[in-house]
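Heads up, the thing below is written out as structure tokens.
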Number of protein chains: 2
Amino acid sequence: MRIPFAKLQSEFKRILLNLNFTEDKAERCATVFAENSRDGVYTHGLNRFPVFVDFVKQGLVKPDAEPTQAGGFGALEQWNGNLGPGILNASFCMNRAIELAKANGIGCVALKNTNHWMRAGTYGWQAADAGLIGICFTNTIANLPPWGGVDPRLGNNPLVIAVPRADGNVVLDMAISQYSVGKLQQYKMNGEQLPLPGGYDKDGKLSNDPTAVLEAKRALPIGFWKGSGLSLVLDLLASVLSQGNSTAKITQNETESGASQVFICIKPQGNNYTANVIEEIISYTKSSRAEKEGGSISYPGENTLKTREKSLEEGVLVDERIWEKVLAL
Amino acid sequence: MRIPFAKLQSEFKRILLNLNFTEDKAERCATVFAENSRDGVYTHGLNRFPVFVDFVKQGLVKPDAEPTQAGGFGALEQWNGNLGPGILNASFCMNRAIELAKANGIGCVALKNTNHWMRAGTYGWQAADAGLIGICFTNTIANLPPWGGVDPRLGNNPLVIAVPRADGNVVLDMAISQYSVGKLQQYKMNGEQLPLPGGYDKDGKLSNDPTAVLEAKRALPIGFWKGSGLSLVLDLLASVLSQGNSTAKITQNETESGASQVFICIKPQGNNYTANVIEEIISYTKSSRAEKEGGSISYPGENTLKTREKSLEEGVLVDERIWEKVLAL
């Protein structure tokens, strides 16, 4: 089922206004939720919206809260999200990082006490749309066992690296688990198996069954020991730089709240060399012969743009059950 | 066979002095090569030294060259490595990034026209030993097919993230391939199979045979499509920020020379919160029950320190064949 983008946006906004979001905040949050579905990240668009509403009702997300500065030195700043909406805090901090990078070549903002920022890529697109390289990551509740262990002690700590480009930004948006929790839930909901092993089942065997992996709480980090190490250092960076909660601390509560995030922006030289080397890298990558006949090679973000275009032309794909649920909110 | 650290270092230095390295440059290069083997990264210590010597003899690595500044704005600088020894260029640039971070909270140095920096982790340890968070990466010759393709078009672009810590720095040092080329060669040389699939063979089947993977030139990126995307964006960042050669350009020559690298440093707050949250994260990670009886969970860099200690006490482990080769140089 497809819904016009504007309809999705206005429904989200209606509900947020009822939850005492100001006009401006409701508009901005609703837009990002709608954009996430528009770009094909359904798990953090419409599908996540009812959970977000629930978090607001529980008082875990505070619509009134504004980020306040907690520290700063040169091109590095610390901010406190005061448990406000994750989307607004993250968007604010990426904007600060953009300003710092414009003034200093590079800028870094670390944010503590924030909430789930939904789709990580949102803030990469934000930086790249402003003409800057954007790098950001967040810690999460523990949902991934460290390499050699069975109990989840690491977050899947999504990492984004975005590069501005005239013909479409390059935006890598990846969780450190082979499949994000949202993706596992999506496969489970659709009754589908994973195309590649996504973790271990309760018996410690590699499994393509999303239900078995979710139940065992043993999702697989990318690259086995490498992703495990990467997740740990991203949590260290986020917690140390923001002076905020670690995955360990966030996991003490059952619900994910009070996360730590980092936003880095770098100003690239906007010259011909930059434009040419980007195209050189993309076209060289695409020159690899395809593994399967008729197959093609994409750069990160390329399919996002295709999905976006289709969504804007034909409407945004929605899960009917969830859409009905949202209409009734 | 084990050799005292000082002996390894002095042999390397003797050879470099014969190649017209100055006393100071020979000392610094020899030390890093010896340290790489001391820390257990044999592939980029002793084992790589004869290749380095060969590159110097071929004129690909220029002992006389010094890095020169190519640009700069605020806390972001560009440098030209002028094809000097990769170790010296990288060490110089990480030092500049440290100085920039001390002055601005965060600093970034992008380096073009450099040579192989040997062990990536060296520069992470350098930043962390100076009390700073260090992030660095390099592009390489194409040695990894992009996701969906069969011909190598991406580098394995090693990435380092280092966090300073009183009881031993946390240093993640990982190539984007599941196994680095050096590691695959090491397994091959020892006649061993890989513990996990490291790529595809010529028939397109996942394989644990290092020889088959090397021959097919189809090493596996970590996390399949995710590592493929990560490698591409790291190449973009390195080439755009340094205005240097991309993996595409480097691969035009048969030998790997003229690479691009990025060095980022961030100054963490040196307070109790920082020290405590680091220990909290490490001890929480280690609290996961081990998968195998008697197994243990390590943080990145932990085993490096153990190997270092043993090397300094009992001598550095060397491959006798390569050691004899080096003695004869």
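Filter the range B:170-190 down to residues that are within 11 Å of another protein chain (Cβ to nearest Cβ) and either farther than 23 Å from residue B:234 by Cβ or assigned to a loop (DSSP other than H, G, I, E, B) (or both), then give me how many there are.
Residues that pass the stated criteria total 5.
Yes/no matrix, rows are residues, columns are (1) modelled with pLDDT of 90 or more; (2) over 21 Å from residue B:141 (Cβ atoms); (3) touching a Cys at 6+ places or on another chain (Cβ under 8 Å):
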| residue | (1), (2), (3) |
| --- | --- |
| B:182 | no, no, no |
| B:188 | yes, no, no |
| B:193 | yes, yes, no |
| B:196 | no, yes, no |
| B:208 | yes, yes, no |
| B:218 | yes, no, no |
| B:224 | yes, yes, no |
| B:229 | yes, no, no |
| B:234 | yes, no, no |
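Please go through the range A:236-248 and give me each residue that is more than 7 Å from chain B (Cβ to nearest Cβ) and among the small types (Gly, Ala, Ser), ordered by number.
Hits for the range A:236-248 are A:238, A:242, A:244.
Check A:312, A:327 and return the single one that is surrounded by fewer than 17 Cβ atoms within 10 Å (Cβ to Cβ) and in contact with a Lys or Arg (Cβ under 8 Å, 6 or more places away or on another chain).
Being surrounded by fewer than 17 Cβ atoms within 10 Å (Cβ to Cβ) and in contact with a Lys or Arg (Cβ under 8 Å, 6 or more places away or on another chain) holds for just one of A:312, A:327, which is A:312.
So in the range A:75-92, with the set limited to residues that are of a type outside the set (Gly, Ala, Ser) and in contact with a Cys (Cβ under 7 Å, 6 or more places away or on another chain), which one is nearest to the other protein chains (Cβ to nearest Cβ)?
A:76
Looking at the range A:93-114, which of its residues are away from chain B (no Cβ under 12 Å) and either touching a Leu at 6+ places or on another chain (Cβ under 6 Å) or at pLDDT below 95 (or both)?
Within the range A:93-114, A:93, A:98, A:113 qualify.
Could you pull out the residue among A:81, A:72, A:40, A:45 that is assigned by TED's automatic domain parsing to the domain that holds residue A:245 and within 28 Å of residue A:183 (Cα to Cα)?
Of A:81, A:72, A:40, A:45, the one residue that is assigned by TED's automatic domain parsing to the domain that holds residue A:245 and within 28 Å of residue A:183 (Cα to Cα) is A:81.
Could you tell me whether the range A:249-265 includes any residue that is facing chain B (nearest Cβ under 7 Å) and closer than 20 Å to residue A:126 by Cα?
No, every residue in the range A:249-265 fails to be facing chain B (nearest Cβ under 7 Å) and closer than 20 Å to residue A:126 by Cα.
Are there strands (runs of 3 or more DSSP E) fully within the range A:34-151 with at least 1 residues that are crowded, with 24+ Cβ neighbours inside 10 Å, touching a strand residue (DSSP E or B) at 6+ places or on another chain (Cβ under 8 Å) and of a type outside the set (Phe, Trp, Tyr)? List them.
Here the list reads A:76-80, A:106-114, A:133-138.
Identify all residues within the range B:24-43 that are of a type in the set (S, T, N, Q) and either under 23 Å from residue B:184 (Cβ atoms) or within 14 Å of the chain's Cα centre (by Cα) (or both); write none if there are none.
Correct list: B:36, B:37, B:43.
I need a count of the residues in the range B:190-212 that are touching a residue at least 24 places away in the same chain (Cβ under 8 Å) and closer than 26 Å to residue B:318 by Cβ.
The qualifying residues number 1.
Considering the range B:191-203 alone, what residues qualify as being within 12 Å of chain A (Cβ to nearest Cβ) and either crowded, with 22+ Cβ neighbours inside 10 Å or closer than 20 Å to residue B:231 by Cβ (or both)?
Selection gives B:194, B:196, B:197, B:198, B:200.
Which of the following residues is assigned by TED's automatic domain parsing to the domain that holds residue B:111, in contact with a Cys (Cβ under 6 Å, 6 or more places away or on another chain) and modelled with pLDDT of 95 or more: B:264, B:250?
Exactly one of B:264, B:250 is assigned by TED's automatic domain parsing to the domain that holds residue B:111, in contact with a Cys (Cβ under 6 Å, 6 or more places away or on another chain) and modelled with pLDDT of 95 or more, namely B:264.
If you take the residues in the range B:220-235 that are more than 7 Å from every other protein chain (Cβ to nearest Cβ) and more than 18 Å from the chain's Cα centre (by Cα), which one is surrounded by the fewest Cβ atoms within 10 Å (Cβ to Cβ)?
Filtering first and then ranking leaves B:225.
Could you list, in sequence order, the residues of the range B:169-185 that are among the polar types (S, T, N, Q), closer than 26 Å to residue A:197 by Cβ and surrounded by fewer than 24 Cβ atoms within 10 Å (Cβ to Cβ)?
Answer for the range B:169-185, where residues must be among the polar types (S, T, N, Q), closer than 26 Å to residue A:197 by Cβ and surrounded by fewer than 24 Cβ atoms within 10 Å (Cβ to Cβ): just B:180.
Assess whether residue B:204 counts as being in a strand (DSSP E or B) and either in the same structural domain as residue B:257 (by TED's automatic domain parsing) or not acidic (Asp, Glu) (or both).
So residue B:204 fails the test.
Give the number of residues within the range A:303-329 that are of a type outside the set (Val, Ile, Thr) and within 14 Å of chain B (Cβ to nearest Cβ).
Final tally of qualifying residues: 1.
Does at least one position in the range A:57-74 carry a residue that is more than 14 Å from chain B (Cβ to nearest Cβ), closer than 22 Å to residue A:19 by Cβ and under 14 Å from the mean Cα position of the chain (by Cα)?
no
Report, ordered by the first and then the second residue, all pairs with beta carbons closer than 7 Å, sequence separation of six or more or different chains, a first member in the range A:146-162 that is facing chain B (nearest Cβ under 7 Å), and a second member that is of a type in the set (Asp, Glu) and surrounded by fewer than 24 Cβ atoms within 10 Å (Cβ to Cβ).
A:148/B:291; A:149/B:291; A:150/B:291
Say whether the condition of being more than 9 Å from every other protein chain (Cβ to nearest Cβ), under 25 Å from the mean Cα position of the chain (by Cα), assigned to a helix (DSSP H, G or I) and surrounded by fewer than 23 Cβ atoms within 10 Å (Cβ to Cβ) is met by at least one residue in the range B:293-302.
Checked the range B:293-302: at least one residue is more than 9 Å from every other protein chain (Cβ to nearest Cβ), under 25 Å from the mean Cα position of the chain (by Cα), assigned to a helix (DSSP H, G or I) and surrounded by fewer than 23 Cβ atoms within 10 Å (Cβ to Cβ).
Can you say whether residue B:314 is outside the structural domain of residue B:119 (by TED's automatic domain parsing) and farther than 23 Å from residue B:189 by Cβ, as far as the supplied structure shows?
Judged against the criteria, residue B:314 is not a match.
Taking residue A:167 as the residue in question, decide whether it is more than 11 Å from chain B (Cβ to nearest Cβ) and either under 15 Å from residue A:94 (Cα atoms) or among the polar types (S, T, N, Q) (or both).
no
So which of A:238, A:166 is surrounded by fewer than 24 Cβ atoms within 10 Å (Cβ to Cβ) and in contact (Cβ under 8 Å) with a residue 60 or more places away in the chain?
Of A:238, A:166, the one residue that is surrounded by fewer than 24 Cβ atoms within 10 Å (Cβ to Cβ) and in contact (Cβ under 8 Å) with a residue 60 or more places away in the chain is A:166.
Return yes or no: is residue B:13 without any contact (Cβ under 8 Å) to a residue 60 or more places away in the chain and either touching a helix residue (DSSP H, G or I) at 6+ places or on another chain (Cβ under 7 Å) or outside the structural domain of residue B:240 (by TED's automatic domain parsing) (or both)?
Spelling it out, residue B:13 is indeed without any contact (Cβ under 8 Å) to a residue 60 or more places away in the chain and either touching a helix residue (DSSP H, G or I) at 6+ places or on another chain (Cβ under 7 Å) or outside the structural domain of residue B:240 (by TED's automatic domain parsing) (or both).
Here is a check on your reading of the model: is residue A:209 acidic (Asp, Glu), surrounded by 15 or more Cβ atoms within 10 Å (Cβ to Cβ) and more than 9 Å from every other protein chain (Cβ to nearest Cβ)?
yes
The values are calculated or read from the model by the stated rules, or taken from the named source; none is laboratory data. Everything quoted here is computed from the prediction, not taken from an experiment. Glycine also receives a Cβ, built like all others from the backbone with ideal geometry; neighbour counts cover every protein chain displayed.
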